[in-house]
Amino acid sequence: MVSRLPGLLLFLPVPLVLWLFTRAPLGLAPSLGLGAALVVTHRFYARPYARRRAQARCLWCGGPAASGPSVQAAEPLGITTWRACGPPHARRLEGVLAWAGRHAGFLRLGILGTLVAFLPGALLADRGRLGPLTAADAVAFFRAGVALTVLPLGWLSSPADSPSPEPPRLPFPLHIQALVGTLTVVWLFRLVGLLWLGLGLGHALRRLGWI
């Protein structure tokens, strides 16, 4: 039996980073610094775990894959082979990966671009160097930027009718979704994306005095 607990524990730094970035419980600079350090170091222990279990776990649901179909992906770190527990989950997985591959530039710009703008922007705003903009404005920008990027992936990707002859070229490695299953990540994109978009837009409307 494939245990889901280790993958879940290795996934926890992801929401921890988002909490540090948006709530700054240690103060702004220490929270952003710790969050950035977690981002940089996460793949060094999470990816080896995910890759060792790539043939035993379904990349879609996270359950045992047994002898299910293989799915290839061209990650930034090279072409990798994963497994699904059956043809239905393989089609759903291939649909999400194909959508991410077709929109790789959009996803990369939306995630990395938002992050690169947010980290120094929040620090500068907190020190009063961006005029009327505040650190709270930077957090609202971060939430809205990430939400607008992941919501299309969560809601618009659909099961693939037939696998592509070439592995999709993905903008990001797959080890994060391998820890808990792509299905879980897709639903997090859908629900947290909607929540964050609402929070970001609500903040902007309050700053403009419209609500």
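For this structure, a couple of remarks:
- Residues whose amide H falls under 5 Å from that of Cys58, counting only those 5 or more places apart or on a different chain, are Gly63, Ala65, with hydrogens built in the peptide plane.
- Kirkwood radius, segment 5-207, all distinct C-alpha pairs, inverse of mean reciprocal distance: 17.8 Å.
- Protection proxy ranking, peptides 170-182, 34-46, average beta carbon neighbours within 10 Å, highest first: 170-182, 34-46
- Solvent-free Debye scattering, log10 I(q)/I(0), computed from the Cα coordinates of segment 1-49 at q = 0.23 Å⁻¹: -0.79
- Mean-position separation - Cα centroids, segment 77-108 and segment 15-71, in angstrom: 17
We did not get these values from a lab; they are worked out from the coordinates using the rules stated. It should be emphasised that the depicted structure is a prediction, and the values quoted were computed from it without experimental measurement. Don't worry about glycine lacking a Cβ; one is built from the backbone with ideal geometry, like all the others, and counts go over all protein chains shown.
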